[in-house]
Amino acid sequence: MAGKVFFSVSMSLDGFIAPESLGELMGRQWMELQRWIFPTRFFRENLKLGGGGEEGRDNDIARETFERTGASVMGKRMFDAGEQMWPEEAPFHTPVFVVTHTRRDPWERPGGTTFHFVNDGIEAALDQAREAAGNRDVRIAGGGATILEYVNAGLIDEFSIALSPVLFGSGIRLFEGVDASRVALEQVRSVPSSRVTHVTYAVRPR
């Protein structure tokens, strides 16, 4: 049986998941948005930063998200940014399908990540990701425009947000342009930690 299609992101209190400019992706606001995950044991293990790191609910959720994912899908903007910033051993360790108009051979990285470039749209990318994932879930990794395309196409089963106590003021809003007439949500869980609140929703047709 095929797994779920989901996304999992950190979001500011005013609804942003990233700065507008790629050049600000590692800036102060973005680092504050993501700081809940940096101290975790899982983060250190996954990026091979050495031993140590915090246990606890943030760590558990980060690990659960990684372990449920059998393949990922992302847009070209996210890939372009990540290609410059990810370490040689990219942090996915699964097949990744990049929705793009650019034709390119698969790009294999150490540690089990291979990027495949899909030129036939979001549904073709998802079909390939489902096949690669087997019984595990497919994660729509981002960025915001790609996540929104999948939401509006009715292709998301579930999503999780790590709601951070940060205000952006501007940037990329997660639900800017969502077709709210097609999407209903059912809360699955809400888990507070000392740094963020993790909320998970099942997506239903309206």
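The values are calculated or read from the model by the stated rules, or taken from the named source; none is laboratory data. A quick note: this is a predicted structure, and the numbers were derived from the prediction, not measured. Cβ: placed from backbone, ideal geometry, glycine included. Neighbour counts: every protein chain shown. Accessible surface areas use protein heavy atoms only, side chains included; no ligands, DNA or RNA. Shrake-Rupley method; radii C 1.70, N 1.55, O 1.52, S 1.80 Å.
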Just one listed residue, out of ALA124, ALA145, ALA129, ALA141, is farther than 22 Å from MET11 by Cβ, open to solvent by 10 Å² or more (accessible area, probe 1.4 Å) and in contact with a strand residue (DSSP E or B) (Cβ under 9 Å, 6 or more places away or on another chain), and it is ALA124
In the range 98-112, anything touching a strand residue (DSSP E or B) at 6+ places or on another chain (Cβ under 6 Å) and surrounded by fewer than 19 Cβ atoms within 10 Å (Cβ to Cβ) is listed as THR100, ARG104, PRO106, TRP107, GLU108
Could we say that SER181 is of a type outside the set (Phe, Trp, Tyr), open to solvent by 30 Å² or more (accessible area, probe 1.4 Å) and within 22 Å of LEU25 (Cβ to Cβ) here?
no
Within the range 12-32, of all residues that are among the aliphatic types (A, V, I, L, M), open to solvent by less than 30 Å² (accessible area, probe 1.4 Å) and out of contact with any Phe, Trp or Tyr (no Cβ under 8 Å at 6 or more places or on another chain), the one modelled with the lowest pLDDT is LEU25
Discussion item. Could you go through the range 6-29 and let me know if any residue there is under 20 Å from PRO91 (Cα atoms), out of contact with any helix residue (DSSP H, G or I) (no Cβ under 9 Å at 6 or more places or on another chain), among the charged types (D, E, K, R) and part of a loop (DSSP other than H, G, I, E, B).
Written reply: no
Residue pairs within 8 Å by beta carbon, gap of at least six or interchain, first lying in the range 52-74 and open to solvent by 20 Å² or more (accessible area, probe 1.4 Å), second of a type in the set (Gly, Ala, Ser) and outside any strand (DSSP E or B), listed first then second, are GLY56/SER193; ARG57/SER193; ARG68/GLY3
Here the residues within the range 1-29 that are without any contact (Cβ under 8 Å) to a residue 60 or more places away in the chain and not hydroxyl-bearing (Ser, Thr, Tyr) are LEU22, GLY23, GLU24, MET26, GLY27, ARG28
Given the criteria charged (D, E, K, R), modelled with pLDDT under 95 and either assigned to a helix (DSSP H, G or I) or closer than 25 Å to ILE61 by Cβ (or both), does ARG77 qualify? yes
